[in-house]
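Each remark here refers to the structure printed beneath this line.
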Amino acid sequence: MTLNRRSFLARSAAASAVLAAPTLLKAQPAEYVFGASLPLTGPFATAGQLVAPAFAMAQRLINEEGGIGGVPIRFVTEDSGYIPQNALANYQRALATEGDALVAYFGDSTGFMKLVAPELKGDQARLMGSTSFASELANPEVNPYQYLAGPSYEDQFDILLQNIANQGGSTVAFIFSNTEFGRDPIEHGKKRAEELGLKVVLEESTKPQGADIPTHVTKLAQSGAEYCLLQGYVTGVWPQLIGGARQFGLPTKFMGTFWGMEKIIADRVTEQAGPFLDGYQGVMPYRYFYDRADAPRYETFAALSKEMFVGTPLENYMPTWTIQTMCAIEIAVRALRDTAEKGLELTADNTAESLNAISDWDMGGYFGGPVSVEGGKIGTGRVYTYGAENGLFTPSSDWFNV
Amino acid sequence: MINGNLKATYAADEQVLNNAYKRAFVYGMALLCAALPFVANDYIILVAAQMGIILIAVVGVNVVIGYTGLLSLGHAAFIAIGAYSIPILHTLFASLGVPEGIMPFLAIPLAVAISALVGIVVGLPSLRVKGLYLAVATLSANFIVIFLIELDAMAPYTGGFNGINTPEANLLGWQLDTQREMFALIAALAFVTILGVQNLFRTRVGRAFIAIRERDYSAEVLGISLLRYKLLSFAISAACCGLAGALFAYFYARILPEQFELVLSLQLVAALIVGGMGRTMGPVFGVIIVVMVPELLKYSFGIIAGGSADVAALRAPVQEIVFGALIIIFLMFEPLGITQIVDRGFRSLNRWPFARG
């Protein structure tokens, strides 16, 4: 066989392809894996069970849209029972079984995110979103791989306090559960209230599932607060605290943050305990699912929900908890796709860099407009008011950017 | 009927591992633990290390519940004390200029000693109350310790509700910065703890504990000081839990108060009951069931049913039910714990083919 220029080039190309094949194969595995821990049993099983179907929808949607740089993605979900060590074990198992194919992880609690944060080093690190809005996590210098799919609790308090100031309010009370979740924005909230000229007339910590609520209602009445910000509860104190205050004839306006703003829970409380939640307000980073004008992404979810979740509560309505999870997944996928497009390996460092570079992104309806990831979070939200008659949270402010 | 093993010398009678099965098991486990860091993946190391930490704590619980007969539901508090002592002591040592390489050699014994002291305080009610009343008294200790850890005034030391990052252990320059390296330390100390406690019950002190368990008034009549030995039992038990807590702090990069709540205390007692109270191997078998089996169930259900979220949503409660049913079955068929089942198995193996059971 003679060696001329053409055959030399052909053989060189073939040899290069053979030599480069392992690298290419390594760079592009057959599939990527997105791991998750959810509280499918334990105290937050209700939330976990509502959120779980979102992963099936996300997997289908993302893969139909081309996966990550053409490589399909698979979601692996495990129950944590809402115990941080269990979630950590789930994460370690996902790392051990999936290896480099595991490119992102979704955590189920603030506790887990804090527990795992110092472990995210070297090849143990992955991009990580979660259900948490804990202010401590939104710190890329300390937690470079973790992000919030919305504003931190401190930001949410900022939005509520700004809205109160805009409406001419002058006195606020903070009632919060005696947990890390409840205490998160309180110190910051006090400073912000002072800056806005609002007087914090009551700071009251309670048990997460309020036992001595009448005492708190009495103190609230004595404080004469116009507004009362609730933090650190999912449903625990609505009937007792707000219901009790209404029975007492208090005109105080109650406000909550993300985990106290779910329509399904508000509807259930209204149905079982009466319409005292009418006029309840709170901050929500996302648009509610029924607000689908100019929200193509929500329309896509709605079409898929009708097909995938027939006969379940998700068929016609996607809870805010599920929206938060979908949002966290989409942010991670965007960071992964951006990294893949740049031709880089999907390492935690590369994807975290892409994540923090996301700016002016129109997510198709989740938020009030295009959003940017700044400081490991998306600092936007608006105030909504619940109507007991129609069972809807309707906007009562413009979008705030904090 | 065979009711013992022939020993021809006093030395044979005094051996801790006094028959071939015990020797085979202990040496086998030691070999397995030695080999594990070289062959197992990170997840297996994580579960094994978790088992080691819980095992040390359950061995401690066994001293007070299994051997001394004092029911305690507050042992997570001692683990918390041991765990929180580590970052606090490291900060203190750093301010005193103690070299990092010797900090664990001081911090671990001090954490153990602090837990033992707290154990004595928590054990005080045992002088007046017994049974369920003592359980409630110790239960409150758990709540008080967690309350103190979360207290705002303690937050500069404990991190309060937010928890605190923990230091890495540095043994004379050997930085145990991976879970694999930490597992080696945990496994070694777990062996030492089990053998130490096993030996304790060959001494006057251990026999005094057993006498108190059988009937405390009679023990007192025999000259055993209830004050001294009940408090000593609590101190030894709390010391083991303190050791578990110290290792917990070195193993995890961060500790949170919610990790030491009532659920952990109940897990320790459950492991002891399932494994077998008042037996050396009880904690070992109990920890295998309580820590490893849920992970095995998760793993095997995951392989069978797949890892997708909608399947996980269905199989997670099923796993819990299967685990609960397993414990009920064990307790129904052998209330004395898995140790008895294993004993029966070994006995029948010993006598086969001449007799069974």
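Under the condition of being assigned to a loop (DSSP other than H, G, I, E, B) and either assigned by TED's automatic domain parsing to the domain that holds A:TYR105 or closer than 30 Å to A:SER354 by Cα (or both), the residues counted in the range A:147-188 number 8. Among the residues of the range A:273-289, some residue qualifies, meaning at least one is without any contact (Cβ under 8 Å) to a residue 40 or more places away in the chain and buried (at least 21 other Cβ atoms within 10 Å of the Cβ).
Residue pairs whose Cβ atoms lie under 6 Å apart, separated by 6 or more positions or on different chains, with the first residue in the range A:66-78 and within 22 Å of B:GLN319 (Cα to Cα) and the second of a type in the set (Ser, Thr, Tyr), are A:GLU78/A:SER37. Within the range B:172-192, the only residue that satisfies the criterion of being within 23 Å of the chain's Cα centre (by Cα) and part of a strand (DSSP E or B) is B:LEU176. Among residues of the range A:93-114 that are more than 28 Å from B:ILE164 (Cβ to Cβ) and at the interface with another protein chain (Cβ under 10 Å from one of its Cβ atoms), none has a beta-carbon under 7 Å from a residue that is of a type outside the set (Ser, Thr, Tyr) and assigned to a helix (DSSP H, G or I) at least six positions away or on a different chain. Selection of the range B:284-310 for residues being within 8 Å of chain A (Cβ to nearest Cβ) and in a helix (DSSP H, G or I) yields B:GLU295, B:LYS298, B:TYR299, B:GLY302, B:ALA309, B:ASP310. Of the residues B:PHE78, B:PHE38, the single one that is away from every other protein chain (no Cβ under 14 Å), in a helix (DSSP H, G or I) and surrounded by fewer than 24 Cβ atoms within 10 Å (Cβ to Cβ) is B:PHE38. Of everything in the range B:240-255 that is aliphatic (A, V, I, L, M) and surrounded by 24 or more Cβ atoms within 10 Å (Cβ to Cβ), the residue that is nearest to the other protein chains (Cβ to nearest Cβ) is B:ILE255. Among residues belonging to the range A:115-127 that are free of Cβ contacts under 8 Å to residues at least 60 places away in the same chain and either over 20 Å from A:VAL33 (Cβ atoms) or not acidic (Asp, Glu) (or both), point out the one that is nearest to the other protein chains (Cβ to nearest Cβ). So, considering only residues that are free of Cβ contacts under 8 Å to residues at least 60 places away in the same chain and either over 20 Å from A:VAL33 (Cβ atoms) or not acidic (Asp, Glu) (or both), the one nearest to the other protein chains (Cβ to nearest Cβ) is A:PRO118. Taking the range B:328-339 as the range and being of a type outside the set (Phe, Trp, Tyr), assigned to a helix (DSSP H, G or I) and surrounded by 16 or more Cβ atoms within 10 Å (Cβ to Cβ) as the test, the residues that pass are B:ILE338, B:THR339.
Among the residues of the range A:339-349, is there at least one that is closer than 28 Å to A:PRO395 by Cα, in contact (Cβ under 8 Å) with a residue 24 or more places away in the chain, in the same structural domain as A:ALA52 (by TED's automatic domain parsing) and in a helix (DSSP H, G or I)? No, because not a single residue in the range A:339-349 is closer than 28 Å to A:PRO395 by Cα, in contact (Cβ under 8 Å) with a residue 24 or more places away in the chain, in the same structural domain as A:ALA52 (by TED's automatic domain parsing) and in a helix (DSSP H, G or I). Taken over the range A:137-177, the criterion of being without any contact (Cβ under 8 Å) to a residue 40 or more places away in the chain and closer than 22 Å to A:ILE331 by Cα is satisfied by A:GLU141, A:VAL142, A:GLU154. B:VAL318 falls short of the stated requirement of being within 20 Å of B:ILE54 (Cα to Cα) and either among the acidic types (Asp, Glu) or within 28 Å of the chain's Cα centre (by Cα) (or both). Only residues that are among the small types (Gly, Ala, Ser) and within 17 Å of B:ILE45 (Cα to Cα) were counted across the range A:67-125, and they come to 5. Every condition in (1) in a helix (DSSP H, G or I); (2) at pLDDT below 90 holds for A:TRP259 except the one numbered (2).
For the range B:85-100, indicate whether the set of residues that are under 20 Å from the mean Cα position of the chain (by Cα) and modelled with pLDDT of 95 or more is non-empty. Yes.
Count of the range A:68-86 residues, restricted to those that are in contact with a Pro (Cβ under 9 Å, 6 or more places away or on another chain) and either among the small types (Gly, Ala, Ser) or within 16 Å of A:SER132 (Cα to Cα) (or both), is 4.
Restricting attention to the range A:35-74, the residues that are part of a helix (DSSP H, G or I), β-branched (Val, Ile, Thr) and within 12 Å of chain B (Cβ to nearest Cβ) add up to 2.
The values are calculated or read from the model by the stated rules, or taken from the named source; none is laboratory data. In this text, all values refer to a predicted model and were calculated from it rather than measured experimentally. For neighbour counting, all protein chains shown are included, and Cβ atoms are generated from backbone atoms with ideal geometry for every residue, glycine included.
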